[in-house]
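Take a look at the structure set out below.
What follows draws every value from the coordinates through simple rules; no lab data is involved. Since this is a predicted model, take the numbers as computed values, not measurements. Cβ placement follows ideal geometry from the backbone for every residue including glycine, while neighbour counts extend to all protein chains displayed.
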Amino acid sequence: MTETTPPDAGGKVKTHRAVSNDGTEIVGHVYGDGRPLVLVHAGLGDGVLDWDGATAYLSDRFTCYLMSTRGRGSSGDHPDQSTERHVEDVVAFVESVGEPVGLAGPSGGAMFALGAAARSEAVAAVAACDPLAFEVLDGADEARLHDAVERMAELAADDRLVEAARDWMTEWANDREMSVLSESGYLEACAQYVPALLQVLQQADAYSPTDPSVLQRITVPVVLLQGSRSNATWTWFTESVRHVDEHVRDATVREIDGAGHMGAWVEPESYADELVQFFEERHERV
């Protein structure tokens with residue numbers, strides 16, 4: 001597995017290690033200085049791939065932990081790729097930091113962050129960037145998602161991983177975002193994780209981090225960052241934000257003008273600005 005590394009300002013890149021409930025080692029690259037901010041990746045990336053763009057705008061204010069769940073980045077692998085195990089990976093990592101942390105994640109990673117916030121007192125606040133909620137999928141959306149998974153599985157079976165990654169991302173990104181992701185090399189870099197993502201999707205369990213009963217257990221402040229153009233790609237994205245907002249007791253929705261669902265990757269400065277504002281406001285109130 002090819003390991004990605006974050007931008008380095010001349011010093012050695014540090015790592016932080018934790019052990020999940022089933023013994024899997026969970027690793028994050030550490031970058032910057034300040035209060036701890038743990039950054040979780042989405043479905044097809046790793047901590048560095050998904051957050052290196054925003055790190056440049058965050059590392060002068062926060063110690064950024066770019067963590068990767070099992071089977072990603074430098075973390076250990078495990079045959080159990082269920083949703084609950086990924087949430088346990090995040091819980092183990094945030095609790096190993098040793099002090100309350102800010103926690104952020106985009107898309108599917110936002111689900112893991114919300115699940116961790118419902119379980120751990122180590123989470124002081126959460127930024128869920130364009131989160132997904134499978135509870136609001138209707139029949140047509142389920143069929144669309146099923147077809148996308150089937151296409152990805154067929155391409156992966158033929159060892160056409162880059163094509164699989166590209167085809168999968170067309171369901172989430174608009175044309176402009178796809179152009180940026182292609183030119184940046186993101187699609188080629190994350191293609192190695194297609195098999196891992198298929199495992200996650202195929203091992204979906206009864207546990208859901210966005211079940212109302214889970215979301216209602218979150219007591220810390222949550223900001224829901226939503227691209228203003230995400231709805232043009234899939235109405236599911238807007239409905240997911242509405243669902244989370246409805247069930248989390250202390251939630252605020254902030255719209256990122258002009259961004260789509262992949263805004264955290266394509267508009268990293270805009271999302272970083274919102275993260276800085278939210279987490280610093282939280283710190284001032286404590």
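Considering only Val101, Ser59, Ser82, and ranking their Cα positions along the charge dipole of region 58-102 that arises from unit charges at the beta-carbon of Lys, Arg, Asp and Glu, the one farthest toward the positive end is Ser59. Taking the three principal axes of the alpha carbon atoms in region 88-136, the coordinate ranges are 35, 17, 13 Å, sorted in descending order. On a per residue basis, the convex hull of the C-alpha atoms belonging to region 237-286 measures out at 79 Å³. Using a simple spin-label model with pseudo-atoms 7 Å out from Cα toward Cβ, Arg249 and Arg35 lie 2.1 nm apart.
As a proxy for reagent exposure, Tyr57, Tyr186, Tyr31 were ordered by neighbouring Cβ count within 10 angstrom, fewest first; the result is Tyr57, Tyr186, Tyr31. 3J(HN,Hα) along region 106-122, derived from phi through the Karplus expression 6.51 cos²θ - 1.76 cosθ + 1.60 where θ = phi - 60°, amounts to x, 6, x, x, 5, 4, 4, 5, 5, x, 5, 5, 6, 10, 10, 6, 6 Hz, with x in place of Gly and Pro.
In this structure, the amide hydrogen of Met262, modeled 1.01 Å from its nitrogen in the peptide plane, lies closer than 5 angstrom to those of Asn174, counting only residues at least 5 positions away or on a different chain.
Choose one of Ala264, Val248, Phe279: the residue whose Cα lies farthest towards the positive end of the charge dipole of region 246-286 (beta-carbon charges +1 Lys, Arg; -1 Asp, Glu; about the Cα centre). So the residue furthest toward the plus end is Val248. Convex hull volume of the Cα atoms of region 59-176, normalised per residue: 151 Å³.
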